[in-house]
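> What follows is a structure written as structure tokens; I'll ask about it next.
The values are calculated or read from the model by the stated rules, or taken from the named source; none is laboratory data. Here the structure is a predicted model, which is why all the values come from computation and not from measurement. Positions of Cβ are backbone-derived with ideal geometry, glycine not excepted, and every protein chain shown enters the neighbour counts. When the accessible area is computed, the model is the full protein with side chains, heavy atoms only, and any ligands, DNA or RNA have been set aside. Shrake-Rupley method; radii C 1.70, N 1.55, O 1.52, S 1.80 Å.
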Amino acid sequence: MSEPARVTPSIRSAVLMVLPVLFLLPLLALVLAIDYNVIADTTPNILRGIVPMVAISLAWGLAVSHWAGWSRPIWTRQPPGMPRVLWLIPICWFAICAARLVATPWGGFDATYFLVLAVATLMVGFNEELLFRGIIAHGARGTGAWTEARVMLVSAVAFGLFHLPNVLVGQALGPTLIQVAYASVMGIALYASMRVSGTILLPIAMHALWDFSTFSAKTGQMPTVLSLAVFACLVLITALCLFAVVHALLRTRRGAAA
């Protein structure tokens with residue numbers, strides 16, 4: 001029988017646990033003079049711009065979740081909690097990543113670059129999923145007062161807003177706002193994938209491979225047929241995210257009426 005949590009899970013506790021890194025990372029990026037637009041273009045940029053900030057954030061997330069007594073429920077496999085059709089989300093997600101990897105100009109960089117990029121994006125996956133599908137989602141769900149739909153949407157919107165400070169490190173406001181909206185939808189997809197699989201490890205793998213393939217294919221040229229396939233997968237993922245939200249809302253209404 002596991003010991004009770006030192007900190008009672010609540011959205012307030014979760015926000016207070018995550019808030020320090022949300023303030024620290026933009027400040028650190030400004031101190032390091034990081035340009036978001038080229039943050040992963042070269043090995044030195046990755047080592048200077050991504051690795052230090054993510055290492056600090058990940059260490060904080062691991063430490064504070066362990067101190068609060070939340071590590072076991074975050075990392076332990078849970079019973080699946082969403083319709084099996086949502087397995088199509090990670091399937092489409094990995095298909096998009098595969099298309100990007102095909103378009104990656106592998107000869108344009110040395111092996112060290114791809115190795116460093118792989119390690120950095122894996123760290124990003126662990127860090128951001130721990131913060132949002134781990135700490136935020138567990139805090140919101142832990143009291144039992146929040147419905148599945150609210151937990152999903154709050155964790156997704158928080159994930160989207162996490163990208164807003166990119167405007168402070170070189171990214172234009174327009175693309176940043178688009179990224180916030182895009183990341184919020186992706187947050188729903190990652191949350192649904194966690195709930196349908198019962199483990200946070202799936203969204204970690206999805207997140208890491210997504211970032212790796214995004215940066216690796218940045219200067220590549222994707223064939224038209226693959227571009228159309230990627231677009232179709234994105235449309236299906238978006239539709240499935242909408243289905244996940246509607247399903248969670250309807251389940252809440254049925255529960256309230258029972």
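> May I ask you to say which residue of 150, 141, 133 is surrounded by fewer than 18 Cβ atoms within 10 Å (Cβ to Cβ) and basic (Lys, Arg)?
Working: 141 fails: surrounded by fewer than 18 Cβ atoms within 10 Å (Cβ to Cβ); 133 fails: surrounded by fewer than 18 Cβ atoms within 10 Å (Cβ to Cβ).
Residue meeting the stated conditions: 150.
> Being over 29 Å from residue 34 (Cα atoms) and within 19 Å of the chain's Cα centre (by Cα) narrows it down to one residue among 176, 224, 199; which is it?
199
> Continuing with the same structure: Quick check: is even one residue across segment 109-117 within 18 Å of the chain's Cα centre (by Cα) and surrounded by 16 or more Cβ atoms within 10 Å (Cβ to Cβ)?
Within segment 109-117, one or more residues are within 18 Å of the chain's Cα centre (by Cα) and surrounded by 16 or more Cβ atoms within 10 Å (Cβ to Cβ).
> Going through 200, 204, 237 one at a time, which residue ends up being closer than 30 Å to residue 42 by Cβ and in contact with a Phe, Trp or Tyr (Cβ under 7 Å, 6 or more places away or on another chain)?
204
> Moving on. Of the residues that sit in segment 6-27 and are of a type in the set (A, V, I, L, M) and open to solvent by 40 Å² or more (accessible area, probe 1.4 Å), which one is nearest to residue 154 (Cα to Cα)?
From segment 6-27, those of a type in the set (A, V, I, L, M) are 7, 11, 14-19, 21-22, 24-25, 27; that's our starting set.
Keeping just the survivors that are open to solvent by 40 Å² or more (accessible area, probe 1.4 Å) gives 11, 15-16, 19, 22, 24, 27.
Working: 11: 9, 15: 11, 16: 15, 19: 15, 22: 16, 24: 21, 27: 24 Å.
Once the filter is applied, the top-ranked residue is 11.
> Separate question: Here are some residues: 165, 90. Which one is over 26 Å from residue 45 (Cβ atoms), crowded, with 16+ Cβ neighbours inside 10 Å and of a type outside the set (Lys, Arg)?
90
> Counting just the residues of segment 207-245 that are β-branched (Val, Ile, Thr) and part of a helix (DSSP H, G or I), which one comes out surrounded by the most Cβ atoms within 10 Å (Cβ to Cβ)? Please lay out each step first, then the result.
From segment 207-245, those β-branched (Val, Ile, Thr) are 214, 219, 224-225, 230, 235, 237-238, 245; that's our starting set.
Restricting the remaining residues to those that are part of a helix (DSSP H, G or I) gives 214, 224-225, 230, 235, 237-238, 245.
Values: 214: 14, 224: 7, 225: 9, 230: 19, 235: 11, 237: 23, 238: 16, 245: 18.
Residue satisfying both the conditions and the ranking: 237.
> Considering only residues that are closer than 24 Å to residue 197 by Cβ and aromatic (Phe, Trp, Tyr), which ones fall in segment 89-131?
If the condition is that a residue be closer than 24 Å to residue 197 by Cβ and aromatic (Phe, Trp, Tyr), then 93, 94, 126 are the ones that fit.
> Additional query: Does residue 122 fit the bill of being under 21 Å from residue 201 (Cα atoms), modelled with pLDDT of 95 or more, open to solvent by 10 Å² or more (accessible area, probe 1.4 Å) and assigned to a helix (DSSP H, G or I)?
yes
> Quick one: how many residues across segment 169-206 are open to solvent by less than 10 Å² (accessible area, probe 1.4 Å) and in a helix (DSSP H, G or I)?
So the answer is 13.
> Something else about it: Being of a type outside the set (Gly, Ala, Ser), buried (at least 16 other Cβ atoms within 10 Å of the Cβ) and under 17 Å from the mean Cα position of the chain (by Cα): is that true of residue 50 here?
So residue 50 fits the description; yes.
> Which one of these is modelled with pLDDT of 95 or more, farther than 22 Å from residue 154 by Cα and loosely packed, with under 15 Cβ neighbours inside 10 Å: 63, 99, 33? Let's see the steps before the verdict.
Details: 99 fails: loosely packed, with under 15 Cβ neighbours inside 10 Å; 33 fails: modelled with pLDDT of 95 or more.
Result: 63 is the single residue among 63, 99, 33 that is modelled with pLDDT of 95 or more, farther than 22 Å from residue 154 by Cα and loosely packed, with under 15 Cβ neighbours inside 10 Å.
> Moving on to the next point. Please give the number of the condition residue 82 fails out of (1) at pLDDT 95 or above; (2) surrounded by 15 or more Cβ atoms within 10 Å (Cβ to Cβ).
(1)
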